1. Quick one: grab Rg to one decimal and Dmax as a whole number for segment A:275-461, Cα atoms only, in Å.
2. Please give the average number of partner chain Cβ atoms lying within 10 Å of the Cβ of each residue in B:126-134, rounded to a whole number.
3. So for the protein assembly as shown, taking the charge dipole from beta-carbon charges (+1 Lys/Arg, -1 Asp/Glu), which of A:G251, A:G142, A:N438 sits furthest toward the positive end?
4. Which aspartates and glutamates, if any, have their Cα less than 18 Å from the Cα of A:K179, not counting same-chain residues under 8 positions apart?
5. Kirkwood Rh over alpha-carbon pairs of segment B:217-332, then Stokes-Einstein at 10 °C and 1.306 mPa s: what D in µm² s⁻¹, rounded to an integer?
6. 5 Å is the cut-off here: which amide hydrogens, built 1.01 Å from N in the peptide plane, fall below it relative to A:Q165, excluding neighbours closer than 5 in sequence?
7. In whole Å, what is the distance between the alpha-carbon centres of segment B:115-159 and segment A:131-155?
8. Between A:K435 and B:L500, what FRET efficiency comes out of the Förster formula 1/(1 + (r/R0)^6) with R0 = 25 Å and r the beta carbon distance, rounded to 0.05?
Amino acid sequence: MPTHLSYEFNTPVYKGSTSFETGLFIDGKFVDGSTGSTIDVINPATEHIITSVSEGTTDDVDAAVAAAQRAYDTVWGLNASGLARSNLLWKLAQAMEAHADELSAIEVLDNGKTFGWASSTDVALSINVVKYYAGWADKLTGQTLETDSKLLAYTRHEPIGVVGQIIPWNFPLLMFVWKIAPALATGNTIVLKPSEFTPLTALRMCTLINESGFPPGVVNVVTGYGHTVGVAISSHMAIQKVAFTGSTLVGRKIMEAAARSNLKAVTLELGGKSPNIIFDDADLEQAVKWAAHGLFWNHGQACCAGSRIFVQSGAYDSFLERFTEKAKQIKVGDPFDKGVDQGPQISQIQFDRVMGYIESGKNDGAKIHLGGGRVGNEGYYIEPTIFVDAKPEMRIVKEEIFGPVGVVIRFEDEEDVIRQANDTMYGLAAAVFSKDINRAIETAHKLKTGTVWVNCYNNFHPGIPFGGFKQSGIGREMGEYALHHYTNVKAVHINLGNVL
Amino acid sequence: MAHSVSVKIPKLNKTIEVPTGLFINNEFVPSVDSQERIETVNPATEEVICSIVAASEKDIDIAVAAARQAFKTTWGKNVTGWERARLLNKLADLIERDAQELAELEALNNGKPVKMARDFDIGDSVQCLRYYAGWADKITGQSIEVDNKSKLAFTRHDPIGVCGQIIPWNYPINMWAWKVAPALAVGCTIVMKPSELTPLTALKLSELAKEAGFPPGVINTVPSLGPVGGAALASHHDVDKVAFTGSTVTGRKIMEAAAKSNLKKVSLELGGKSPHLVFESADLEQAASWAALGICYNSGQDCTAGSRVYVQDTVYDKFTSILVDRVKALVVGDGLEEATGAGPVVSKGQYDRVWGYIDSGKAEGAHVLVGGEKRQSKGYYVDPTVFTNITSDMKIVKEEIFGPVLSVGVFKTEEEAIALANDTTYGLGAGLHSNDANQCMRVSSALEAGTVWVNQYNILNNNVPFGGKKQSGIGRELGSYALEEYTSVKAIHWNFGDKLDWPLY
């Protein structure tokens, strides 16, 4: 029997119920995994099991790929017009809108982010992303190229085929739509592996995908572990492209597997150690607020978290004092409670990891200015934590922590801070705070990152591309740019009169 | 004072509520200074449907002021692309919801069959709105590298501003959508003058625009007589752009008025005398079907009507006999009746005009192959009429008739065919039928028309641009190209690193 979840929410911020299939979603049906085993899904706020979902295997990935290929060859791919794809994506967005609060609640239960954040940001932005790509589906134009009067030369922007997508646990629903929306808009079919930690909103979406009218096999979801399902996808000979968001460590493995198997195209959204540079002449009040949002949003579990905060010496003391005040105001607690800003970290593993970094920071001689400990003794809650007096070689300065832990670093010299900011294998995002816009622009142009925020942080928009330089990734998501990665360019030369 | 009327449709046993005031700032209002009314007529029965308020020049001023105010406050750069997208999609939903009723009203006022109004006119209009909704949050300019040291150079694609839009009577709802969608998608506000012959569906659509949630003043609808409302918009000093679809004669006046007043931007979709070329390798059965479609669809009241067909001599007899069969198969009647494939022409004025051309054809010596005889019953009917034995100087061959009247000629060579096709001041559409791919390439290249159909005719798609060469128009509608007509590009040079030494030398 494929698994199923029925859940009653009776909380201060949301009351309602949900009931949906949680088996593997293959060819439009929910099925058991080939071994019948299941994966426990844990509520990070309580550490208790919410439910168990079917576990996928290599054989299940094969079945999903076969379904996706069949759909691509018959009812999707070049067989479905852009207009048809647009209409289906639009219907999906409307279905999400109709179930917005329910989706938010499931996300909170599974991931631990607060209901306020889930509904105002995760779910809202997800809906907008689907609508945005619905609008692109019938606007995919190639070029006609003038050469000579007897040659009709043009390009077609064709879908690639069956694409594999592997998404993380930090923004489960948002990452789901960032992946499926551009892929579907361009005509690809999909085999997607959600994180084994947070499969629930992806599975809820599968029912909505069916209800919206997508033909069976167009979207397939195989829940499972990285070392089984993830490996199967990245090394599958019939998957033509793989998109992965997660750690740099795993990203390497994906790319290696892609090279070894069938040289499938690869896009990666990996880690970061993003610098937030705050000059003397910044609007300090604003800088403090944005810096807090930049670091502590999603409990620090964001690839673009502003985890190295460089403050020019003239503003350092004032900034640190106000920033600490702001961090103290963050209320950590049950994500379904009113007035809570920060919920638990996602899992025991992550909790241990983050606490491990805090330990390492202390051992290396950095000073804990705020926090550094667990909150309560049930649920993976960690205090907002600020380190000062850190040195560049310390692990807490070099490595991605992925928790509510940041380092505040004093700097004097503009050139030196840019050097320090760029001195990392990562290159995902950065921010610059200054009232002198000339200085801000010049600095922004020198930072080696895929996104630079000037006088803001963590700003996202479906039309603005996002992705990394260096070891933070390959390729871009969002905007028109995402479409390029799901498209194969074919050049057609029609000889209409040149005789050999 | 109520500004609506209950229109009874006995044939359908229905009543439709129709607003009759001017739609300004989301309200239906009377004229401020005029008692003039416009009477709308059912062309199948010649009976008056109802009368509506006719806007005066002063009313146009008020509408323009409302559009300007909205542009400065709630629309233009004050509204995000995704909000514009949301509203356009909502409007599309509402038109879909009311499609049957809108189709019946369109059939009543314009004469076209209800099912065509619903499935084609309205179906295409809904998709058009959704298509441009999809563009609304994707208006991108360029960031341009100059030298990486001195300046941030980029472009912004601003909305032009207040747009006057003047639409014709042949596809009232569809032409409304083609105009409104791209303008709203990029952030312009609108003063729309629907045709005085067919204003009713524009007024109903205005109700839906309000229901969808567009702020007051974003869309204003001011039915009026052409010489009053059209002229007022074209010469208004606070209208930034005028878009007109209609006759070439009127198009000239619009452009003149624009030049004389404030040099407002102008886009025009004008007339045509679009040719089909049927080559000997063509699938004649198909070519004849497309040619019949080209002249009979919408009773020939189409700017791209394929009103001239030139057939290669080797297949002339065979083709014309198939064509006659196709034309005779069409059922012409009341648009409210199920069996009707095409309705009457829209008005007495058009009826007289078209029959005048048919008489002229006969008088100038062309031969009537099919049709050419007036009905004795009520209704502005013109049965499809095909002339052969034509010469290039005949009025029926040179001038746009805008009715189901076809001139069929003959040619020997490809060069001759191209010359005949291009021998016109118009350049809107053209069709060529041939199974020789090289020929298709040569001929499609050589035809001086904004749209060339190869082995097809008259089928348009919302994402493919449409417009005229030569005196058929200026600018393009549909596709991404339409966005340019409502966009004004601003280049910004933001200096962050350049210091000026003065004096220079």
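Each reported figure results from applying straightforward, stated rules to the coordinates on display, with no laboratory input. This one's a predicted model, so the numbers in the text were calculated from it and none came from an experiment. Neighbour counts run over all protein chains shown; Cβ positions are idealised from the backbone, glycine included.
1. Calculated on Cα positions, Rg and Dmax stand at 15.7, 49 Å.
2. Details: counts 0, 4, 0, 0, 7, 6, 1, 4, 12.
Across the residues of B:126-134, the mean count of other-chain Cβ atoms within 10 Å is 4.
3. Checking the options against the dipole of the protein assembly as shown, the answer is A:N438.
4. Straight-distance partners of A:K179: A:E107, A:D122, A:E158, A:E196, A:E269, A:E477, A:E480.
5. Working: Rh = 17.0 Å.
Using the Kirkwood radius from Cα pairs, D works out to 93 µm²/s.
6. A:V191, A:L192, A:K193, A:A243
7. Using only Cα atoms, the two centres lie 16 Å from each other.
8. Numbers: r = 23 Å, r/R0 = 0.91.
Taking R0 as 25 Å, the efficiency between B:L500 and A:K435 is 0.65.
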